[in-house]
Amino acid sequence: MRSDRLDRTDEVPATARGPVTPRPLVDCEAASRTFGTGTHAVVAVHSATCEVWQGDRMAVMGASGSGKSTLMHLLAGLDQPSSGTVSWPGLGVTADELGGSVAMVFQGASLMPPLTALENVAMPRLLAGVSDSQARVSAAAALDSLDIGALADRLPEELSGGQAQRVCVARAIAGGPRLILADEPTGQLDSVAANHVVDVLIHAADLIDAGLVVATHDPRVATRLMTRWSMRDGILTPQQTPARRPSGRSRP
Ligand code: ADP
Ligand code: MG
């Protein structure tokens, strides 16, 4: 399958795009997110600092309630930090302009039941103003690229949990995002299906040369990813020795 049929704005295959952009896709600087006030305040994310670069394959591992989803929402621009900053220098846009540059994959069934797999994958493209025929072409390309083209005409109720989640990954990449954020994408799957979904996520990110962040409570999922961070009581900590990036800033 050709990844250049996906709705990538630059329309250039990943291998021909040249060196990695010298700016992180997302830059999180001492970002905190507090819910509630006074004695009811919950610091879900406490002064998180991290960068995600094109080509990164990053796990954020932590128990339920540790702040993973809150962090993912900050990285996606779906929520704003109470203090600190989140910016997208490598994408060259503000939170309001992120549009199709960042795609999220959520836990569990998030497909629309009356629509086929292909229609589900096409829907965000239609909502983005792409023509019906172009949305269908890019949806079919995304399904094919993940070897699930045969599922195109199935309804969500006719898919296994793992198949449905792979369709969600196809939906995430159909618009050619630069950053894929997956929040507990394997949370409701058995270990075989979970492994397969992680394969597909990594393959999808490779295909479109995107950055990938996977939030998970499952160490088996986390170990599949190159870079690992842990989240505990809202505190984000790198699990590996920092390496240097072109910006000169340290990262795990
Ligand atoms: P995780 O994804 O690791 O399970 P969350 O980010 O969902 O963790 O939650 C972290 C903490 O923030 C939890 O204590 C949770 O109850 C709290 N929290 C998350 N979202 C909200 C919200 N909208 N309002 C109040 N508290 C919240
Ligand atoms: Mg969560």
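The values are calculated or read from the model by the stated rules, or taken from the named source; none is laboratory data. Predicted model, so just to flag it, every value in this text is computed and none were measured. Heads up, the Cβs are rebuilt from the backbone with ideal geometry, glycines too, and the neighbour counts pull from every protein chain shown. What goes into the accessible areas is simple: the full protein's heavy atoms, side chains included, and nothing from ligands, DNA or RNA. Shrake-Rupley method; radii C 1.70, N 1.55, O 1.52, S 1.80 Å.
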Review point. What tally of residues in segment 206-238 results from selecting those that are farther than 27 Å from G176 by Cα and of a type in the set (G, A, S)?
Key: 2
Review point. Can you spot a residue in segment 20-36 that is at pLDDT 95 or above, in contact with an Asp or Glu (Cβ under 8 Å, 6 or more places away or on another chain) and within 13 Å of ligand 1 (Cβ to nearest atom)?
Key: yes
**Study point:** In segment 208-226, the residues that are open to solvent by less than 40 Å² (accessible area, probe 1.4 Å) and either at pLDDT 95 or above or of a type in the set (A, V, I, L, M, F, W, C) (or both)
**Key:** I208, A210, G211, L212, V213, V214, A215, T216, V221, A222, L225
Check your understanding: Residues of segment 51-101 being among the β-branched types (V, I, T) and modelled with pLDDT under 95, which ones?
Key -> V93, T94
Practice item. Considering each residue of segment 97-129, count those that are more than 21 Å from D209 (Cβ to Cβ) and not in a helix (DSSP H, G or I), and give that number. Key: 12
Point to revise | Hey, V169 among the hydrophobic types (A, V, I, L, M, F, W, C), open to solvent by less than 60 Å² (accessible area, probe 1.4 Å), closer than 20 Å to T186 by Cβ and touching a Leu at 6+ places or on another chain (Cβ under 6 Å) or not | key: yes
**Study point:** Long-range neighbours under 6 Å by Cβ, at least six apart or interchain, first residue charged (D, E, K, R) within segment 63-75, second at pLDDT 95 or above and more than 6 Å from ligand 1 (Cβ to nearest atom)
**Key:** K68/V60; K68/A215; K68/M231
Review point. Inside segment 100-123, can you point out the residues that are more than 19 Å from V197 (Cβ to Cβ) and in contact with a strand residue (DSSP E or B) (Cβ under 8 Å, 6 or more places away or on another chain)?
Key: S101, V102
Exercise for review: Starting from segment 93-104, take each residue that is farther than 13 Å from D79 by Cα and list its partners that are at pLDDT 80 or above and aromatic (F, W, Y), counting only C-beta distances under 8 angstrom and pairs at least six apart or across chains.
Suggested key: S101/W88; V102/W88
Exercise for review: Those residues that are open to solvent by 50 Å² or more (accessible area, probe 1.4 Å), more than 16 Å from ligand 1 (Cβ to nearest atom) and at pLDDT 85 or above, I need them from segment 102-122; list them, please.
Suggested key: M112, P113, P114, E119
Review point. Within segment 143-160, which residues are under 17 Å from L115 (Cβ atoms) and surrounded by 15 or more Cβ atoms within 10 Å (Cβ to Cβ)?
Key: L143, I148, G149, L151, A152, R154, L155, P156, L159
Study note, to complete from the structure: The residue from A141, A150 that alone is under 21 Å from the mean Cα position of the chain (by Cα) and either modelled with pLDDT of 95 or more or not in a loop (DSSP other than H, G, I, E, B) (or both) is A141
